[in-house]
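As structure tokens, the structure follows; a few thoughts come after it.
The values are calculated or read from the model by the stated rules, or taken from the named source; none is laboratory data. Being a predicted model, the structure only gives us computed values, none of them experimental. FYI the Cβ positions are ideal-geometry reconstructions off the backbone, even for glycines, and counts take in every protein chain you see. Areas reflect the complete protein model, heavy atoms only, side chains present, ligands, DNA and RNA absent. Shrake-Rupley method; radii C 1.70, N 1.55, O 1.52, S 1.80 Å.
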Amino acid sequence: MKKLLVPLMVLLLVLTGCAPKLDSDSKVVQKDSEKKGETGIMTKNQISSSYYKTVLPYKASKSRGLVVSNINSRYDINELESGLMRISQNNYAVDQYLFQEGQYLDEDTLSKWLSRQSDDNKDGLNPTDNGTGNNRNPIYLAHILEQDYLKQTDDNTVSLGGVSVALAMNSVDYYQKEQYGDTYEQDISDSDLLAKGKEMAQTVVNRMRQTKGLENVPITVAIYKQGRRDAVAPGNYMAYTTAEGTDLGNWKDIKEKSYVLPSNDAASDHKTDSDSFLNFKADIEKYYPNYTGVVGRARYENDQLAELDVDIPVQFYGEAEIIGFSQYVTDLVGKHLPNTANIQVNISTTDGPAALITRSANEDAAKAHIYN
């Protein structure tokens, strides 16, 4: 499934969707706050009306190296990035804006913000280190992700139209009492996580307003709860708001949750979907014994299944066998899995990806691609 792809690859797929109403391969001039122009080319291919286009040459984030070291799992990295894009669509329409990775908050700036506050670092957003006792101050904030959204200002000019930032908060803080010693865990409640996130969000917006180029654009801030280190499902966004100035306004709650399938939690909270997945899994086991497991990761919005990503590692050795198995699984997607959600099934062997099966929400037929 898509979680197995390197996050950058997922991001590049997301970036090739709808764009402002300009011709494909249009040349555009991107102007910054100093009115300097830089010519680029808008990406051409359209994958989905839910996705943004971008401008080439592609500009990597100014803090791209931090996310891998600060976020617990590749599942959380993917959900942090793709989830912030979903939230951004509430303010930055995909047919009016282009996507660009964050160009304002660089690695040095974020490293200071993400550290503990101390005499040597007044900019630290995390509380001061007060030891490892019962009243220990945990590290609440793990990472800050910035995404920029460019808006068309005339026929061939785009400029910054809005910024989104995600505050990735720890649900568990891992720490050591001594260097190279045992690792301990400190749980952080949802209420504390959310309260600290909203408090830090105000400070972040205040600082961003002092950054050249960000004085007047809308800033969307979202709070993300990242999962445990050993989790096989990502965390989830909890709330977001948009600031026109420095006032954050009213926060909007986000009701999302991810599950692993099969699992007791999924069976308890969403029995119908869980049973459908179990039937899907059973049919695979019945006719194809040469596989090592079927694992699904389901994301729910407002208690409704929105996305289901399925991993099927297999031990096949012949191309004909992979083709036959992929055709069979494609049939099973239509037979068992709900068509109200986006479905993605990734079939892989020890040599790498073998096949990809997808079906968008409200579509009847699934599509399969066999990798050469």
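Structure summary
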{"quantity": "Loop-located GluC sites (Glu not before Pro) in the range 280-372 whose Cβ has at most 15 other Cβ within 10 Å (DSSP)", "calculated": "Glu363"}
{"quantity": "Label-point separation in nm, Asp247 to Ala365, each point 7 Å along Cα→Cβ", "calculated": "5.4 nm"}
{"quantity": "Cβ-based charge dipole, the range 136-288, positive-most Cα from Val163, Asn216, Pro262", "calculated": "Asn216"}
{"quantity": "Where labels lie 7 Å past Cα in the beta-carbon direction, separation of Asp331 and Gln176 in nm", "calculated": "5.5 nm"}
{"quantity": "Heavy atoms of Val165: accessible area, 1.4 Å probe, square angstrom to 10", "calculated": "0 Å²"}
{"quantity": "Calculated Rg and Dmax of the range 162-306 using C-alpha coordinates, Å", "calculated": "20.1, 62"}
{"quantity": "Distant-in-sequence amide H partners of Gly161 (H built 1.01 Å from N, under 5 Å)", "calculated": "Tyr149, Leu150, Lys151"}
{"quantity": "Unit charges on C-beta of K, R, D, E only; dipole of the chain, Debye", "calculated": "500 debye"}
{"quantity": "Per-residue ³J(HN,Hα) for the range 214-222, Karplus 6.51 cos²θ - 1.76 cosθ + 1.60, θ = phi - 60°, Hz, x for Gly and Pro", "calculated": "10, 5, 10, 6, x, 10, 8, 10, 10"}
{"quantity": "Spherically averaged projected area in nm², based on the convex hull that wraps the Cα atoms of the range 187-245", "calculated": "4.9 nm²"}
{"quantity": "Whole-number percent relative contact order across the range 150-285, with pairs defined as alpha carbons under 8 Å at least 6 apart", "calculated": "19 percent"}
{"quantity": "Enclosed volume per residue, in Å³, of the convex hull spanned by Cα atoms of the chain", "calculated": "162 Å³"}
